[in-house]
Ligand SMILES: Nc1ncnc2c1ncn2[C@@H]1O[C@H](COP(=O)(O)OP(=O)(O)OP(=O)(O)O)[C@@H](O)[C@H]1O
């Protein structure tokens, strides 16, 4: 090859790029060299032989009993950046080898200026290759009896901490925790023990719990196996014992062919926020840095399959009440929050998540078995006002006023239009409460007119109905648009005269073209106090009484009374108090 036709690579600049852009830290050199050693031993059929690391902080060595390299091979592979014996031109992933790019050895230069490789292939002489970060490469004959390779790195003064025995032990243990090949650091084995994927009788479950505690930081609420054969993937799903983060994407611990890749996001669909996985796969492809996974079609298929398996686990909780209870104690709000947009969760939420209803707490599926229409109140205040009254009339009502209930109900209907639902507002209640007889209406006619006048400062309609319980004098029915309109009027009236720009803009919007529905004060004609209204014979007293009834209805609806209205109510109460004390004073005089 003509010299002019090849790139002239500045090695130290390339190493700089690797260190700053490819790898997240210099510690990856331990994994890259272990990976080469594991690959070489697998190729030699000696996967069980120990790989020995020795280090004292100044010189690091890793020795394997793999296939080794001849002088020619070493010159070709290690002398050429990007050369690899492991590339797979047909795309069929080798199941034994982990590497495939041909830059791994260069990671040694992240911690040392000089790398020495002593190697011996079967039936060949031992050779020593040495490379320095300046780009100089030397090859000479070596002195080694056994087949295999030893890579030695001499630390730079500023990187010695990366070669410190404790550091190397931690890194080697982390990277090879799932790998069957014994790895020794300064004579001590750092991996092995009961694996996560072994026989259940061999301490596997205890190992899983310990792993979850040490690595994921929690004792799992439950653990279950997952597998995706087309990706050669097996794994364990750990269910979180406390609420997860619905927004931040959880990561999952991924190993490829037994070596740690790292914590990878998006391995399962985001609705499965309540599990964290540990998986080992022969088919998923690591990125060039081997610290993440390539998001290819196989990755997507794995994510879909894992989602299905988690969904099946959820469905299985249907017949496991104890675990289901424990799961719901922690994750009920979380799954409700996501169910509206995740069909995988919707069925589970429908069957098992409890909703507050006026016939007791129960799942929506149970509620539907009793009432063919899901009637729901979209605000907790409405629910409180309506629940007992509708229950008394045999009408079921769901409290959908908390954060996610309405969205879940709507999603259920969208998923199956045969289902029926009805948001309950004041119109429904007005029609559900009995209209009094014509006779009673006539009797109350003047009182209702008076009531309209009395509550006119509160921007409110008046209606007469008969309903149980008769201890309730009146209900204040307010639908959302009426409530918003009232709040806005209140703000404007309280801020009147203040030169506030945004309030002025708000006032400008309030063009009054489409008057919103006004709140309705529903007087209960069966209530003893209300019954007295037509017979009082004193409009001033009746007006004061109506305002007191209005304030009680406000309290029942948990609505606050605005400042202007509060003073109207105060004067009504004062008037009644004056009357009561005048009566008693007059009585005393008599
Ligand atoms: N310990 C070893 N024993 C035998 N051969 C080795 C060893 N280390 C490296 N090699 C050979 O050198 C080649 C280049 O190694 P290098 O680590 O640079 O890249 P790689 O392992 O092929 O790919 P990766 O970039 O993924 O690490 C390897 O393909 C392998 O053939």
So, in the range 18-47, exactly how many residues are out of contact with any helix residue (DSSP H, G or I) (no Cβ under 8 Å at 6 or more places or on another chain), modelled with pLDDT of 95 or more and more than 11 Å from the ligand (Cβ to nearest atom)? 2
Which of (1) within 26 Å of residue 13 (Cα to Cα); (2) in a loop (DSSP other than H, G, I, E, B); (3) in contact with a strand residue (DSSP E or B) (Cβ under 8 Å, 6 or more places away or on another chain); (4) modelled with pLDDT under 90 does residue 57 not meet, given it meets every other one? (4)
Out of the residues in the range 138-151 that are within 13 Å of the ligand (Cβ to nearest atom) and in contact with a strand residue (DSSP E or B) (Cβ under 6 Å, 6 or more places away or on another chain), state the one that is modelled with the lowest pLDDT. 144
State the number of residues belonging to the range 339-367 that are under 19 Å from residue 398 (Cα atoms) and not in a strand (DSSP E or B). 17
Among residues belonging to the range 48-70 that are surrounded by 17 or more Cβ atoms within 10 Å (Cβ to Cβ) and more than 13 Å from the ligand (Cβ to nearest atom), point out the one that is nearest to residue 185 (Cα to Cα). 54
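Each row is one residue, and each column tells you yes or no for (1) within 11 Å of the ligand (Cβ to nearest atom); (2) at pLDDT 55 or above; (3) not in a loop (DSSP other than H, G, I, E, B).
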position	(1), (2), (3)
99	yes, no, no
106	yes, yes, yes
116	no, yes, yes
119	yes, yes, yes
123	no, yes, no
131	yes, yes, yes
134	no, yes, no
Among the residues in the range 154-171, are any within 14 Å of the ligand (Cβ to nearest atom), crowded, with 16+ Cβ neighbours inside 10 Å and in the same structural domain as residue 51 (by the TED database)? no
Taking residue 582, is it out of contact with any strand residue (DSSP E or B) (no Cβ under 8 Å at 6 or more places or on another chain), assigned to a helix (DSSP H, G or I) and modelled with pLDDT of 85 or more? no
Of the conditions (1) touching a strand residue (DSSP E or B) at 6+ places or on another chain (Cβ under 9 Å); (2) modelled with pLDDT under 95; (3) assigned to a helix (DSSP H, G or I), residue 401 satisfies every one except a single condition; which number is it? (3)
Flagged in the range 217-249 as outside any loop (DSSP other than H, G, I, E, B), touching a strand residue (DSSP E or B) at 6+ places or on another chain (Cβ under 7 Å) and surrounded by 19 or more Cβ atoms within 10 Å (Cβ to Cβ), in numbering order, are 226, 231, 233, 235, 236, 237, 238, 239
Being surrounded by fewer than 17 Cβ atoms within 10 Å (Cβ to Cβ) and touching a residue at least 60 places away in the same chain (Cβ under 8 Å) narrows it down to one residue among 361, 343; which is it? 343
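The values are calculated or read from the model by the stated rules, or taken from the named source; none is laboratory data. Please read all numbers here as calculations on a predicted model, not as lab measurements. Please note: Cβ atoms are built from the backbone with ideal geometry, for glycine as well, and neighbour counts cover all protein chains shown.
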